[in-house]
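Please read the structure below before turning to the comments.
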There are 2 protein chains.
Amino acid sequence: MATADPSRAGAIAIQLDDWRKRADAALAAALDSVAGTEPGLLAAMRHAVLLGGKRMRPLLVYAAGHACGAREETLDGPAAAVELVHAYSLVHDDLPAMDDDALRRGQPTVHVAFDEATAILAGDALQPLAFAVLAATPVNDTRRVALLAELADAAGARGMCGGQALDVAATGTGSGRARHAGGHDPSRPDAGGNADDPSRRLGFLERLHAMKTGALLRAAIRLGAITADAAAPTRRALDDFAEALGLAFQIRDDLLDVEADSATLGKTAGKDAAQDKITFPALIGVDASRERLRQLAARMTDALAALPGDTAPLAELGRRTIERSY
Amino acid sequence: MATADPSRAGAIAIQLDDWRKRADAALAAALDSVAGTEPGLLAAMRHAVLLGGKRMRPLLVYAAGHACGAREETLDGPAAAVELVHAYSLVHDDLPAMDDDALRRGQPTVHVAFDEATAILAGDALQPLAFAVLAATPVNDTRRVALLAELADAAGARGMCGGQALDVAATGTGSGRARHAGGHDPSRPDAGGNADDPSRRLGFLERLHAMKTGALLRAAIRLGAITADAAAPTRRALDDFAEALGLAFQIRDDLLDVEADSATLGKTAGKDAAQDKITFPALIGVDASRERLRQLAARMTDALAALPGDTAPLAELGRRTIERSY
């Protein structure tokens with residue numbers, strides 16, 4: 001998926017960097033729109049949103065919308081909205097009752113920099129801000145409703161929250177209960193990650209991540225397509241791309257936790273093993289995980305080949321997902 | 001605001017009870033729409049939503065919509081949506097890092113019945129479900145967007161979450177920091193509840209509750225008006241009614257905490273004083289609080305007199321707010 005022409009690759013990098021700046025500006029504007037209430041809450045919301053981050057999801061909104069011919073200014077709201085949901089989820093995931101992480105993007109997590117109550121409320125307030133931003137997107141009302149419905153579905157029990165709940169149920173994170181190495185808790189047979197059959201465990205792991213991280217990545221791409229009013233075959237090809245990208249994103253994340261140190265990662269490394277999480281390297285091994293990444297890269301390339309528009313920025317985001325080192 | 005004719009009063013009570021059943025059915029349908037993911041998460045969401053509750057906010061949606069001539073079936077979604085947001089806020093407010101309450105509506109709170117991680121996630125998943133339900137409301141897309149924007153604003157930093165943050169900042173609930181009787185923390189001068197000047201403290205308390213509980217009660221009434229596509233003067237009169245009702249609701253809540261026992265209240269009584277919360281009885285006394293309730297009842301009656309439609313159910317909800325004993 002690499003772009004052979006160096007000047008073309010440079011142009012794509014500049015394009016992505018420009019979109020990242022647009023997303024940051026849209027996020028700042030969204031936070032400004034709720035200024036003037038409780039200062040601690042606003043500071044915590046800003047901390048959660050504005051201190052770094054790769055802006056992968058906003059970039060996917062712009063790149064998908066661009067591939068479908070959307071005007072850039074119609075993509076700012078959807079780009080900000082999906083990042084607001086992502087940011088809130090990180091704040092809540094880091095809470096002591098969840099992953100209990102003190103470090104995120106090289107910064108103290110919100111409950112460490114502020115306090116737990118403020119972190120809960122900041123996450124709670126970032127979520128409706130995402131929907132408020134979408135409701136103000138400068139497209140027609142039919143598309144606005146489609147954008148809102150898409151994000152609501154991706155963020156909820158059938159998407160991100162459901163995936164996080166599967167993770168909590170499978171690993172015991174959050175309940176304070178220690179599990180043995182297989183993560184098996186006979187009191188929760190429904191969790192599905194508990195069977196000793198490796199293929200069943202792999203299926204569970206893929207389903208977990210398709211919801212926990214995949215749903216929001218796919219929503220980012222779909223928001224771009226909805227904003228552009230893309231045709232059904234285009235949307236299907238983008239869904240194929242999104243599915244492969246989501247899975248690749250998580251496999252790469254699991255590999256990074258094994259390979260990287262905390263300084264590079266900007267968050268605590270080696271936590272997955274310490275927390276007895278089910279991961280792709282733990283389940284199928286490091287080499288097989290890397291082979292899966294190569295297969296997913298090929299799937300992304302195939303999916304993009306079916307699209308009529310300029311897919312080079314999407315391809316570059318796929319490449320970064322596979323090759324990222326932090 | 002009482003209805004003099006007993007048969008008319010009975011008819012209104014039957015109407016409200018019918019709407020409560022409609023709301024319960026709409027809530028059950030909303031929860032069914034996300035069935036099939038992680039069983040613990042779904043059970044926690046159901047626990048939060050389906051075990052009782054007066055359904056005050058859904059009833060306000062129906063009563064306001066009815067006053068403006070909306071068809072009942074268009075009000076089911078907005079009624080369920082506002083209650084889903086209310087239910088999620090209770091789950092998070094009850095968390096150990098917030099109010100740390102073990103009892104709600106006479107039942108164990110979600111983090112007690114399940115665990116903290118599941119309670120956080122159940123709240124997080126109930127919120128987007130509210131927006132998903134609104135997006136599917138059978139009205140035109142322009143009204144749908146208006147409904148979504150209204151609820152997003154009311155639930156966020158300028159509304160419910162902002163009010164909760166003001167409460168946390170003023171009383172120290174959630175931070176684990178003890179405050180003296182005045183609730184004064186010199187490190188947070190902006191909280192506004194700290195000045196010794198009683199009138200300034202009263203202004204702060206009213207602002208806090210206008211956001212914390214008032215915003216969602218007002219949103220309920222507005223959702224009904226938006227669904228009915230009510231004219232601007234009608235909406236202004238309903239906003240007047242909503243403002244008085246929201247404040248009355250909180251004053252009554254504060255009085256109940258002083259007067260009632262836990263069995264009647266269905267939650268732990270006397271907590272406000274124990275937690276050093278600023279309340280109307282603590283600030284202006286019990287008698288003056290009751291006098292404020294009488295004034296607010298008159299304001300509600302005046303506001304409803306300006307409306308053309310059948311306002312009897314709204315008047316009855318105002319009366320119940322003033323006179324409720326649980």
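The values are calculated or read from the model by the stated rules, or taken from the named source; none is laboratory data. No experiment lies behind these values; they were computed from the predicted model shown. Virtual Cβ from ideal backbone geometry, glycine too; neighbours counted across all protein chains shown.
Just a yes or no: is a residue in the stretch A:1-10 surrounded by fewer than 24 Cβ atoms within 10 Å (Cβ to Cβ) and at pLDDT 95 or above?
no
Does B:G53 count as closer than 25 Å to B:S325 by Cβ and surrounded by fewer than 24 Cβ atoms within 10 Å (Cβ to Cβ)? Considered against the rule, which asks whether it is closer than 25 Å to B:S325 by Cβ and surrounded by fewer than 24 Cβ atoms within 10 Å (Cβ to Cβ), B:G53 comes out as yes. Scanning the stretch A:20-32 finds one or more residues that are within 30 Å of B:D100 (Cβ to Cβ) and modelled with pLDDT of 95 or more. Checking A:A146, A:A152, A:A97, A:A130 one by one, the residue that is farther than 22 Å from B:V145 by Cα and in contact (Cβ under 8 Å) with a residue 12 or more places away in the chain is A:A97 and no other.
Results for (1) more than 15 Å from A:L216 (Cα to Cα); (2) surrounded by fewer than 23 Cβ atoms within 10 Å (Cβ to Cβ); (3) among the aliphatic types (A, V, I, L, M); (4) touching a helix residue (DSSP H, G or I) at 6+ places or on another chain (Cβ under 7 Å), shown as yes or no for each residue.
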position	(1), (2), (3), (4)
A:Y88	no, no, no, yes
A:H111	yes, no, no, yes
A:A117	yes, no, yes, yes
A:T137	yes, no, no, yes
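Mind telling me which of the residues A:R46, A:R57 ends up being within 14 Å of chain B (Cβ to nearest Cβ) and in a helix (DSSP H, G or I)?
Answer to the check: A:R46.
Kindly provide the set of residues from the stretch B:111-139 that are polar (S, T, N, Q) and either in contact with a strand residue (DSSP E or B) (Cβ under 8 Å, 6 or more places away or on another chain) or at the interface with chain A (Cβ under 8 Å from one of its Cβ atoms) (or both), ordered by number. Once the filter is applied, which keeps residues that are polar (S, T, N, Q) and either in contact with a strand residue (DSSP E or B) (Cβ under 8 Å, 6 or more places away or on another chain) or at the interface with chain A (Cβ under 8 Å from one of its Cβ atoms) (or both), the stretch B:111-139 yields B:T118, B:Q127.
Within the stretch A:140-167, the set of residues being at the interface with chain B (Cβ under 7 Å from one of its Cβ atoms) and more than 14 Å from B:L42 (Cα to Cα) comprises A:D141, A:T142, A:R144, A:V145, A:L148, A:A149, A:A152, A:D153, A:A155.
Within the stretch A:310-326, how many residues are part of a loop (DSSP other than H, G, I, E, B) and at pLDDT 95 or above?
2
Filtered by the rule that a residue be more than 18 Å from B:V133 (Cβ to Cβ) and not in a loop (DSSP other than H, G, I, E, B), the stretch B:60-78 gives B:A63, B:H66, B:A67.
Of all the criteria given as (1) crowded, with 24+ Cβ neighbours inside 10 Å; (2) more than 12 Å from chain B (Cβ to nearest Cβ), the one not satisfied by A:E73 is (1). Among the numbered conditions (1) in contact (Cβ under 8 Å) with a residue 12 or more places away in the chain; (2) more than 21 Å from the chain's Cα centre (by Cα), the only one that A:L50 does not meet is (2). If you go through the stretch A:79-102 and keep only what is more than 14 Å from every other protein chain (Cβ to nearest Cβ) and in a helix (DSSP H, G or I), you end up with A:A79, A:E83.
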